[in-house]
Amino acid sequence: MFRKSKHHVGAVLLVLAVLAGTVSAADGYALQFDGVNDYVEVGAALISNDLTMSAWVKADTPWINDTRVIISNSHWGAAAGRVGFHLQVEANGTPRSRFQTQADGVGVWGVRGTTNVVGAWHHVTFVKSGPRISIVVNGVEEAALGDMPESVSGLNVLDRIRIASTNSNTRFFPGLIDEVRVWDHARTEAEILGDMGGELKGTEPGLVGYWKFNEGAGTTVFDSTPEGNDGTIVGALWTTDAAPVAPGAAPATAHGPIPANGTVDVPRDVVLRWDAGAYAHTHDVYLGTAFEDVDLAGRTDPMGVLVSQGQTAADYAPAGLLDFETTYYWRVDEVNAPPDGTVYRGSVWSFTTEPFAYPIGNVVAASNGISEASAGPGKTVDGSGLDADDLHSINAADMWLASPPADEALYIQYEFDRVHKLHEMLVWNYNVQFEAVLGYGCKDVTVAYSENGEDWMVLGDFEFARATARAGYAANTTVEFAGVAAQAVRLTVNGNWGGMLPQFGLGEVRFSSIPARAREPQPADGATLLDPDTPLSWRAGRDATSHEVYLGTHPDELLLADSVVGAAFTPGPLSFGTTYYWRIDAVGDEVWAGDLWSFSTLDFVLIDGFEDYTDDIEAGEAIFDTWIDGWVNNTGSTVGYFDAPFAEKTIVYSGAQSMPLLYDNTVSPFYSEAERTFDSPLNWTVNGADTLRLFVAGRAPAFAEAADGTILMNAIGNDIWGNADQFRYVYKNLSGNGSITARVDMLDVSPDIWVKGGVMIRQNADAGAVNVFMAMTGSGGGGSTFQQRMIATGVSVSQHTYADGPFTAPYWVRVTREGNTLTGYTSPDGENWTQRGDTITLAMTDPVLIGLALTSHNANQATSAQFSNVAFTGNVTGAWQVAEVGVAQPEGNTAAPLYVALEDATGKSAVVTHPDANIVGRSGWNEWQIPLSEFTGVNLSRVDTMTIGVGNKTNPTAGGAGTIYIDDISFGKPAE
């Protein structure tokens, strides 16, 4: 018997009249353009400053004219506001992606990619972010321009968008185009990679134009000739070729390079990695220091840069160490399996290797000399006077000038943040315009260094070259330190270029050091939520022969875990929910103690997040195919909904889905269970795990009052506002003066931040009745509002909305009535009250209704609230009455116990019941942490079956019905 059915959508037969003949209606369609007179008119879009345009393209053989348009908004000539994303043929005949924009018909700003896009599918993207424009090909940025003028960077209109041509019927594109997107913001590289593999649909925020041509039926390709421009389709739809690549799927070319394109400071022993193309059988790797060689080389002419041909691995380790501070270019061509053997030419990527030494920052300068405040020693290390090319000015205010103290040699001293392995010091001497005459610049200098700032070693005596006394002065003295260890350097000035002149000057110094310590930890310092089995790695100290690994759970109590030759270490089993500290000491001729780093392991690991279930019953992927319910186990449960989508899509704790569990304990066996048997027994004792965790959301009853006076209720409704209200109201009658006070113990704000719950005095239960309402809300993280409707069916007003919080339950609310005067109050403790808003004058006829009001501010999702300490003053009469104001209200859940049962592989089982007897009546997500020790007798290293149930299985009695939601079942250990 089928309890659910899957709706099948019949395939749409696509029949098109095309000049090239009939084609089959198969997946993988794209529009084919003849490059002579075909284009698509797709309307207009308004873009606010930033934008992204992308498309899958496969260009035909290079053309004679220079450019061919992918997307354009204007006439191609000197058109103000022109935007054009196109392909441009280089002098060597290679077409590359290019973007051009023109604001005023005069200046043209453009950026050009590097990839040859002829003959294979490529994903090309243009991104504009403020004054910066860039080209991204196959998810990798290939070129950028960052300084466009405001007149261009503020360009914001794409009018009369065309694909494959300009609006002046020129620059026609020859080849295939599909999945064109236009966004109103700058997409990141990560988002662009997602776009490449993601389904094209029009629901993404900021997607203002999207054209997917495999539907075809609504796409008109115009012919630019008058007789062809009649709305019929010309050109042809692409079906497949020898090695088909469906646009929007993984590209056939290599992508995702590591190191990323343009990365600098790459280790010389780098291993190149990439994501293989969709159909790659082998890979050809090209590597060299000349872009042209790597770009033009091939199997027939390797040009000395084909370093590996036909390899199967998607990584390549160059032979030996690469050169310091050198830019390398590399390319990976993907080769299909025989007999096809198609070669998909890859993009040319680049990276630059690490320098031999690195500049030392945050240097502190001091001197015993006498200086003006504006010419102190700090001027020699603050970069003042240096331009982007490290050329110095002739401005005296950019330099140090000092007189020596009496009877003491003048010195200037530099202190670093720590001990460094010093490489060299660059010197820009004193460089004012008349320095050639004055000679204040330092000449004879003794250089000393110290590891502690107290004990000094003399490096030697040096002559600092005289400055040029011209703007654009480059450093012309280098002092070599040859790797000495130092935290401070002192320059004792023995003479200047003017001989006996009384002042001494210096422009700038820059120190560099050899990276002797381990650095760049992975995981990064401070990383959180790591898998306890995460390996540790780091960038090795330059001359280290080994590394000592120290690890512990306290920063002052690290233990030596191991000594390793490489730069990686996998610790023993680590615990969930724990912060670890670690340090790497690089061992060579000296030991260079590393920095203290830390990371934290995740506290729980998912058992089931309910994200992988689909609506495909035939494939067995529905949620009820894994979590067996009453349709199989003969209890009162139903897992999932009767109609697709079977999983819950709105009420979720995280991700996109949760498991709805409907229980009906009104008939035998009077309990309801959903049970999952794992494919193989699970071990829940690893990594110090001691807790099972899950999140449950119930549905509050319509109205329930406990023996202690606590009230739990639910509600839906658009709002209590405007001219008519939608909410649940529980009330009594009041005549004359009186008040109501209540403590809001819980307010579920998950449906909307403007959920409202509180106390109200109202003329009647009509949707448009006059009222005053003192409510707590979820607005801004918690707040309160005192609102009223002064005229029946009139507009509501709120004198003030407060966000004193954030509001955290419990919180107290009160409304009072004295004659026609009504006032609202709040209190954190029920004793100290604050008036909210002004006192209201509102005439209402006795008896009035006085009670508790609740709305979800969401017509499709209920909220819940718990009130306690409800108290009245005045002539309040009658029992509680429940009104559904403005909209029918939900019934909610009947109270019942919630339990979890585990069974191990030997059949031993145990049951744990939730401590809150009314947990199924609490909406919003509630975390339930169960100590694994409570599952007495169960072998937790071999958990075979997990059951979630509602009711009392050991003593079943007739009960009610309802729905709960379960999400993110996990095991682990709460964070320390």
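Taking into account only those residues within region 623-676 that are of a type in the set (Asp, Glu) and within 38 Å of the chain's Cα centre (by Cα), which is nearest to Tyr899 (Cα to Cα)? The qualifying residue nearest to Tyr899 (Cα to Cα) is Glu673.
Confirm whether Asn633 is farther than 19 Å from Asn926 by Cα and out of contact with any Pro (no Cβ under 7 Å at 6 or more places or on another chain). In short, yes.
Among the residues of region 843-879, which ones are in a loop (DSSP other than H, G, I, E, B) and surrounded by fewer than 19 Cβ atoms within 10 Å (Cβ to Cβ)? Those that are in a loop (DSSP other than H, G, I, E, B) and surrounded by fewer than 19 Cβ atoms within 10 Å (Cβ to Cβ): Ala843, Thr845, Asp846, Pro847. Residue-level analysis places Tyr641 among those that are in a loop (DSSP other than H, G, I, E, B) and free of Cβ contacts under 8 Å to residues at least 24 places away in the same chain. Taking the residues in region 660-693 that are buried (at least 22 other Cβ atoms within 10 Å of the Cβ) and among the aliphatic types (A, V, I, L, M) as candidates, determine which candidate is farthest from Ala644 (Cα to Cα). If we take residues in region 660-693 being buried (at least 22 other Cβ atoms within 10 Å of the Cβ) and among the aliphatic types (A, V, I, L, M), then Ala689 is farthest from Ala644 (Cα to Cα).
Condition check: more than 22 Å from Ala357 (Cβ to Cβ) and among the polar types (S, T, N, Q). Does Gln503 satisfy that? Yes. Search region 117-131 for residues being touching a helix residue (DSSP H, G or I) at 6+ places or on another chain (Cβ under 8 Å) and either free of Cβ contacts under 8 Å to residues at least 24 places away in the same chain or within 25 Å of Glu334 (Cβ to Cβ) (or both), and hand back the single one that is surrounded by the fewest Cβ atoms within 10 Å (Cβ to Cβ). Per the stated criteria, the residue is Pro131. Number of residues in region 277-313 that are assigned to a loop (DSSP other than H, G, I, E, B), of a type in the set (A, V, I, L, M, F, W, C) and out of contact with any strand residue (DSSP E or B) (no Cβ under 6 Å at 6 or more places or on another chain) equals 4.
Asn336 falls short on exactly one of the conditions (1) among the polar types (S, T, N, Q); (2) buried (at least 20 other Cβ atoms within 10 Å of the Cβ); (3) in contact (Cβ under 8 Å) with a residue 60 or more places away in the chain, and that condition is (2).
Restricting Met760, Met746 to residues that are aliphatic (A, V, I, L, M) and either under 20 Å from Glu884 (Cα atoms) or modelled with pLDDT of 95 or more (or both) narrows the list to Met760.
Okay, residues lined up against (1) in contact (Cβ under 8 Å) with a residue 40 or more places away in the chain; (2) surrounded by 21 or more Cβ atoms within 10 Å (Cβ to Cβ):
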position: Val493; (1), (2): yes, yes
position: Leu501; (1), (2): yes, no
position: Ala516; (1), (2): yes, yes
position: Ala527; (1), (2): yes, no
position: Ser537; (1), (2): no, no
position: Thr545; (1), (2): yes, no
position: Val549; (1), (2): no, yes
position: His554; (1), (2): no, no
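If you go through region 926-939 and pick out every residue that is surrounded by fewer than 19 Cβ atoms within 10 Å (Cβ to Cβ), in a loop (DSSP other than H, G, I, E, B) and at negative phi, you end up with 2. Screening region 277-293 for residues that are buried (at least 21 other Cβ atoms within 10 Å of the Cβ) and modelled with pLDDT under 95 and picking the one that is farthest from Thr327 (Cα to Cα) gives Ala280.
The residues of region 568-586 that are β-branched (Val, Ile, Thr), surrounded by fewer than 16 Cβ atoms within 10 Å (Cβ to Cβ) and in a strand (DSSP E or B) amount to a single one, Thr579.
A quick yes/no check of all residues on (1) touching a residue at least 40 places away in the same chain (Cβ under 8 Å); (2) loosely packed, with under 15 Cβ neighbours inside 10 Å; (3) not aliphatic (A, V, I, L, M):
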position: Gly369; (1), (2), (3): yes, no, yes
position: Gly378; (1), (2), (3): no, no, yes
position: Val381; (1), (2), (3): yes, no, no
position: His392; (1), (2), (3): yes, no, yes
position: Ser403; (1), (2), (3): yes, yes, yes
position: Glu408; (1), (2), (3): yes, yes, yes
position: Ile412; (1), (2), (3): yes, no, no
position: Glu415; (1), (2), (3): yes, no, yes
position: Lys421; (1), (2), (3): yes, no, yes
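For region 612-638, filtered to residues that are β-branched (Val, Ile, Thr) and free of Cβ contacts under 8 Å to residues at least 12 places away in the same chain, the residue that is nearest to Pro669 (Cα to Cα) is Val632.
Please determine whether any residue of region 476-490 is crowded, with 19+ Cβ neighbours inside 10 Å, charged (D, E, K, R), under 22 Å from Met457 (Cβ atoms) and assigned by TED's automatic domain parsing to the domain that holds Met425. For region 476-490, residues crowded, with 19+ Cβ neighbours inside 10 Å, charged (D, E, K, R), under 22 Å from Met457 (Cβ atoms) and assigned by TED's automatic domain parsing to the domain that holds Met425: present. On the stretch given as region 352-381, residues that are part of a strand (DSSP E or B), of a type outside the set (Gly, Ala, Ser) and touching an Asp or Glu at 6+ places or on another chain (Cβ under 9 Å) total 4. Checking each residue in region 454-486 for being touching a residue at least 24 places away in the same chain (Cβ under 8 Å) and over 22 Å from Ala357 (Cβ atoms) picks out Trp456, Asp461, Arg466, Ala467, Thr468, Ala469, Arg470, Ala471, Gly472, Tyr473. If the condition is being outside any strand (DSSP E or B) and closer than 27 Å to Ala901 by Cα, then region 594-614 contributes Leu602, Asp603, Gly609, Phe610, Glu611, Asp612, Tyr613, Thr614.
The values are calculated or read from the model by the stated rules, or taken from the named source; none is laboratory data. Since this is a predicted model, take the numbers as computed values, not measurements. As a convention, Cβ positions derive from the backbone with ideal geometry for all residues, glycine included, and neighbour counts pool all protein chains shown.
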